Amino acid sequence: MPTNTLTKISVFNEAHIRKILFNNEWHFSVVDVCSALVESSDPGAYWRKLKQRLAAEGSEVVTFCHGLKLTAPDGKQRETDCANVVINKRIIP
């Protein structure tokens, strides 16, 4: 797991989206992006189900997501699926 030293939070539609600089490119938490763009009471469950559907359809988009450590709401560092802007646009319709 590469060491990531620069993390920030962006705000979109009043939702906080965690991001991290990885391989000289900003990667955003896919769950946070789902929360900001999709009306779901459980964005984590939404992302898990969407990942299953994408894989079943043969989409390789999920393979470009990276498990990176971001600060969770409880203050602990937790591995979270992250993707760059291009991949996030392909994941979320």
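The values are calculated or read from the model by the stated rules, or taken from the named source; none is laboratory data. It should be emphasised that the depicted structure is a prediction, and the values quoted were computed from it without experimental measurement. Here the Cβ positions follow ideal geometry from the backbone for every residue, glycine too, while neighbour counts run over all protein chains shown. Remember, those area values only see protein heavy atoms, side chains included, never the ligands or the DNA or RNA. Shrake-Rupley method; radii C 1.70, N 1.55, O 1.52, S 1.80 Å.
Figure legend. Inter-residue proximity from region 46-75: first residues free of Cβ contacts under 8 Å to residues at least 24 places away in the same chain and closer than 17 Å to ALA36 by Cα, second residues open to solvent by less than 40 Å² (accessible area, probe 1.4 Å) and not in a helix (DSSP H, G or I), beta-carbon distance below 7 Å, spacing 6+ or different chains. Indicated pairs: TYR46/VAL38.
Inclusion of GLU39 among residues that are of a type in the set (Asp, Glu), at pLDDT below 90 and open to solvent by 100 Å² or more (accessible area, probe 1.4 Å) is warranted. Among the residues making up region 56-68, those that are over 16 Å from the mean Cα position of the chain (by Cα) and open to solvent by 70 Å² or more (accessible area, probe 1.4 Å) are ALA56, GLU57.
Against the list (1) open to solvent by less than 70 Å² (accessible area, probe 1.4 Å); (2) under 12 Å from the mean Cα position of the chain (by Cα), the condition THR71 fails is (2). Within region 74-93, if we keep just the residues that are under 16 Å from LEU50 (Cα atoms) and at pLDDT 90 or above, the residue that is surrounded by the fewest Cβ atoms within 10 Å (Cβ to Cβ) turns out to be ILE87.
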